[in-house]
Amino acid sequence: MRVYVPLTLPGLAEAYKTGELGAGGPLVAYAVTPALREWYLSDDIEELEYAALSRAALASLRLLAADPGAPRRRVVVAVDVPDGAATADPDRGLDPAALGEVRVAGTVSLAKAAAVHVDAGDAEADVAAAAEALEAADAGDDDAQFVVDGAEDHELLWYATQEIPNLVGLRD
């Protein structure tokens with residue numbers, strides 16, 4: 001099963017240093033869950049995977065909002081885990097904020113990563129603005145939601161796992 005793990009560049013650097021994701025607790029990730037399938041109303045697995053990736057990108061934005069020192073680039077690591085290793089919380093199944101959210105027990109080797117998705121440098125201003133506007137958007141501010149949506153207009157770039165050292169070198 002493919003899961004999408006939201007991170008920041010410092011989080012990716014730490015994962016690269018330790019060789020694992022999710023140290024210290026269950027790993028929060030996003031995947032094609034039954035609730036996501038129902039919400040998205042599609043049978044196209046590529047569209048569903050993209051929806052899960054987008055949910056992880058929003059979670060990465062939340063991590064950036066909580067870490068003002070992190071470079072303003074969303075980071076998502078695509079990882080393959082055994083079927084059944086990722087479980088959705090049944091109590092949050094109807095929560096729109098939890099669509100596609102899963103928990104992976106234990107740590108996952110970074111060697112299991114299939115790819116890394118990161119914002120390009122030209123997205124930094126919009127991502128920074130979105131991170132600042134996130135709290136207001138969550139409170140229902142339509143103007144703030146427009147700013148958050150502006151970050152989503154930027155497609156995350158695909159990187160091979162061999163490029164992780166160069167990606168974490170982007171940190172200033």
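The values are calculated or read from the model by the stated rules, or taken from the named source; none is laboratory data. Quick caveat, the model's predicted, so the values are computed rather than measured. Every residue, glycine as well, gets a Cβ built from its backbone with ideal geometry; the counts of neighbours run over all protein chains shown. Side chains are part of the model used for accessible areas, which takes the heavy atoms of the whole protein and leaves out ligands, DNA and RNA. Shrake-Rupley method; radii C 1.70, N 1.55, O 1.52, S 1.80 Å.
Listed conditions (1) free of Cβ contacts under 8 Å to residues at least 12 places away in the same chain; (2) open to solvent by less than 10 Å² (accessible area, probe 1.4 Å) are all met by Ala97, apart from (2). Residues in the range 19-40 that are under 18 Å from Leu63 (Cβ atoms), open to solvent by 70 Å² or more (accessible area, probe 1.4 Å) and either free of Cβ contacts under 8 Å to residues at least 40 places away in the same chain or in a helix (DSSP H, G or I) (or both): Gly24 alone.
Among residues belonging to the range 114-127 that are open to solvent by less than 30 Å² (accessible area, probe 1.4 Å) and free of Cβ contacts under 8 Å to residues at least 60 places away in the same chain, point out the one that is nearest to Tyr159 (Cα to Cα). Per the stated criteria, the residue is Ala115.
Return yes when Gly100 is at pLDDT below 95, out of contact with any Asp or Glu (no Cβ under 9 Å at 6 or more places or on another chain), more than 30 Å from Ala86 (Cα to Cα) and of a type outside the set (Phe, Trp, Tyr) and no when it is not. Against the criterion (at pLDDT below 95, out of contact with any Asp or Glu (no Cβ under 9 Å at 6 or more places or on another chain), more than 30 Å from Ala86 (Cα to Cα) and of a type outside the set (Phe, Trp, Tyr)), Gly100 does not qualify.
You will find that of Ala35, Ala57, Ala52, the residue that is within 11 Å of the chain's Cα centre (by Cα) and over 22 Å from Gly121 (Cβ atoms) is Ala52 and no other.
Among the residues of the range 74-92, is any buried (at least 18 other Cβ atoms within 10 Å of the Cβ) and in a helix (DSSP H, G or I)? Scanning the range 74-92 turns up no residue that is buried (at least 18 other Cβ atoms within 10 Å of the Cβ) and in a helix (DSSP H, G or I).
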